[in-house]
Amino acid sequence: MKQALCIFLSLVSLHSFSQDLNDLGILSFDQTKKMNSSPPCEETTNKYLQYCVEDGSNICYTFNNNQKLNGIIFMTPYGTKSQAERAFENDVLEFSNNVGKQAINKNGKTFFSVTSELGATFEVTNFNGTFYVIFSSLLLN
């Protein structure tokens, strides 16, 4: 289990700005905001921060009622639905192989229970005419 979590942590930290999975449940809204050098492109005080990247990607941070970081979401854009679906399938397969877990598929989303406290989801969505592969790492409690 520790090996799967270490692999998962290294995969996610390749994508993140300043935060990583070790910050889930620890960092406050203000601490998370201060750790990023650029201002958020969207913000809901004490609940949500979104950072827009030049390539059209987005990195979002969600916070629970105690204003602690409880989710990190990566949105990667693709030119077409078929490109996004291929990337989704590749990402899910690679993730499954790296963490040694089988996915649960439901309503177009793919769920992984990485540990008893940590989950991950993948999905393809269309937002304002752009198809995104969304990868989320979330505290389950």
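The values are calculated or read from the model by the stated rules, or taken from the named source; none is laboratory data. Treat the numbers as computed from the prediction; the structure is a model and nothing was measured. Cβ: placed from backbone, ideal geometry, glycine included. Neighbour counts: every protein chain shown. What goes into the accessible areas is simple: the full protein's heavy atoms, side chains included, and nothing from ligands, DNA or RNA. Shrake-Rupley method; radii C 1.70, N 1.55, O 1.52, S 1.80 Å.
Considering only residues that are touching a residue at least 40 places away in the same chain (Cβ under 8 Å), in contact with a helix residue (DSSP H, G or I) (Cβ under 7 Å, 6 or more places away or on another chain) and not hydroxyl-bearing (S, T, Y), which ones fall in the range 54-71?
Scanning the range 54-71 gives a single hit, L69.
Could you list, in sequence order, all residues of the range 31-64 that are assigned to a strand (DSSP E or B), open to solvent by 70 Å² or more (accessible area, probe 1.4 Å) and closer than 24 Å to V124 by Cβ? Break it down stepwise before answering.
Of the range 31-64, the ones assigned to a strand (DSSP E or B) are 42-44, 48-52, 58-63.
Retained after the next criterion (residues that are open to solvent by 70 Å² or more (accessible area, probe 1.4 Å)): 42-43, 52.
Listed by number, the residues that qualify are E42, C52.
For the range 65-83, does any single residue satisfy the condition of being among the aromatic types (F, W, Y) and assigned to a strand (DSSP E or B)? Spell out how you get there, then give the answer.
Of the residues in the range 65-83, the ones among the aromatic types (F, W, Y) are 74, 78.
Checking the rest, the ones that are also assigned to a strand (DSSP E or B) come to 74, 78.
Yes: one or more hits.
Under the condition of being in contact (Cβ under 8 Å) with a residue 24 or more places away in the chain and among the aromatic types (F, W, Y), which residue from the range 86-126 is farthest from D23 (Cα to Cα)?
Restricting to residues being in contact (Cβ under 8 Å) with a residue 24 or more places away in the chain and among the aromatic types (F, W, Y), the top hit is F88.
Among the residues of the range 87-102, what is the count of those that are open to solvent by less than 40 Å² (accessible area, probe 1.4 Å) and either assigned to a strand (DSSP E or B) or of a type in the set (G, A, S) (or both)?
Counting residues in the range 87-102 that are open to solvent by less than 40 Å² (accessible area, probe 1.4 Å) and either assigned to a strand (DSSP E or B) or of a type in the set (G, A, S) (or both) gives 2.
Which one of F131, F135 is in a strand (DSSP E or B), open to solvent by 40 Å² or more (accessible area, probe 1.4 Å) and modelled with pLDDT of 95 or more? Give the derivation first.
Working: F135 fails: open to solvent by 40 Å² or more (accessible area, probe 1.4 Å).
After applying the criteria, what remains is F131.
Consider F112 carefully, then state whether it is part of a strand (DSSP E or B), aromatic (F, W, Y), over 23 Å from S38 (Cα atoms) and open to solvent by 40 Å² or more (accessible area, probe 1.4 Å). Reasoning before the result, please.
Details: part of a strand (DSSP E or B): yes; aromatic (F, W, Y): yes; over 23 Å from S38 (Cα atoms): yes; open to solvent by 40 Å² or more (accessible area, probe 1.4 Å): no.
Answer is no for this residue.
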